[in-house]
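J.: Below is one structure. I have some questions about it.
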Amino acid sequence: LVVPEGGSNAAAVRGCVELGRELAGAADVAAVACGTGGTLAGLAAGLAGSARTLGIPVLKGGFLTAEIRALQTEAFGGPRGAWSLDQRFHHGGYARVPADLEAFAADFEQRHGVPVERIYVAKLLHALVTLAAEGAFPRGSTVAAVITGRPFP
């Protein structure tokens, strides 16, 4: 198989369905950082019941909704799962790590002993902390952060 830039095509999306199946029944919200949207497209399709998928785009532009719909149509013939995007947490765009995001990631690592990749994962974790403080998740919700990569060596 030819894997396109970003790894998103129908085969990749169908493979990511397993992520959703693994989290089905264990999380009310599964959140993932998004570049091309393929992981979110499959993850959302695999979640069951009332669970939803939240995508945190790492790029500016607001184009990802259409891309995810197209990927789901290519993979499944149409939309699947409950999903949404929150466009506020790109921190200036792809590969941008401003001082406030770097400070957040370093503090998270120090507090939790977990290395944090800066391009995708730091933006996801920062978004979840901010959204929780805003009351975006009902009390008692289980939120799963899907970590898609570890820091570069």
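J.: Residues being surrounded by fewer than 16 Cβ atoms within 10 Å (Cβ to Cβ) and outside any loop (DSSP other than H, G, I, E, B): count how many of those fall in segment 75-95.
T.: Summing the residues that are surrounded by fewer than 16 Cβ atoms within 10 Å (Cβ to Cβ) and outside any loop (DSSP other than H, G, I, E, B) in segment 75-95 gives 3.
J.: To continue, here is another question. Starting from segment 124-144, take each residue that is surrounded by 14 or more Cβ atoms within 10 Å (Cβ to Cβ) and list its partners that are modelled with pLDDT of 95 or more and among the hydroxyl-bearing types (Ser, Thr, Tyr), counting only C-beta distances under 9 angstrom and pairs at least six apart or across chains.
T.: ALA136/THR130
J.: Moving on to the next point. When ALA70 is evaluated against the numbered criteria (1) touching a residue at least 24 places away in the same chain (Cβ under 8 Å); (2) open to solvent by less than 70 Å² (accessible area, probe 1.4 Å), which criterion, by number, is the only one it fails?
T.: (1)
J.: Go through (1) exposed (fewer than 15 other Cβ atoms within 10 Å of the Cβ); (2) in contact with a helix residue (DSSP H, G or I) (Cβ under 8 Å, 6 or more places away or on another chain); (3) hydroxyl-bearing (Ser, Thr, Tyr) for THR36 and report which single condition fails.
T.: (1)
J.: Which one is farthest from the chain's Cα centre (by Cα) among residues in segment 1-29 that are closer than 13 Å to ALA51 by Cα and part of a loop (DSSP other than H, G, I, E, B)?
T.: Result: GLY25.
J.: Taking segment 41-67, which residues are outside any helix (DSSP H, G or I), open to solvent by less than 50 Å² (accessible area, probe 1.4 Å) and more than 22 Å from ILE119 (Cα to Cα)?
T.: Listed by number, the residues that qualify are LEU47, ALA51.
The values are calculated or read from the model by the stated rules, or taken from the named source; none is laboratory data. Bear in mind the structure is a predicted one, so any value in this text is a computation, not a measurement. Glycine gets a Cβ as well: all are built from the backbone with ideal geometry, and neighbour counts include every protein chain shown. What goes into the accessible areas is simple: the full protein's heavy atoms, side chains included, and nothing from ligands, DNA or RNA. Shrake-Rupley method; radii C 1.70, N 1.55, O 1.52, S 1.80 Å.
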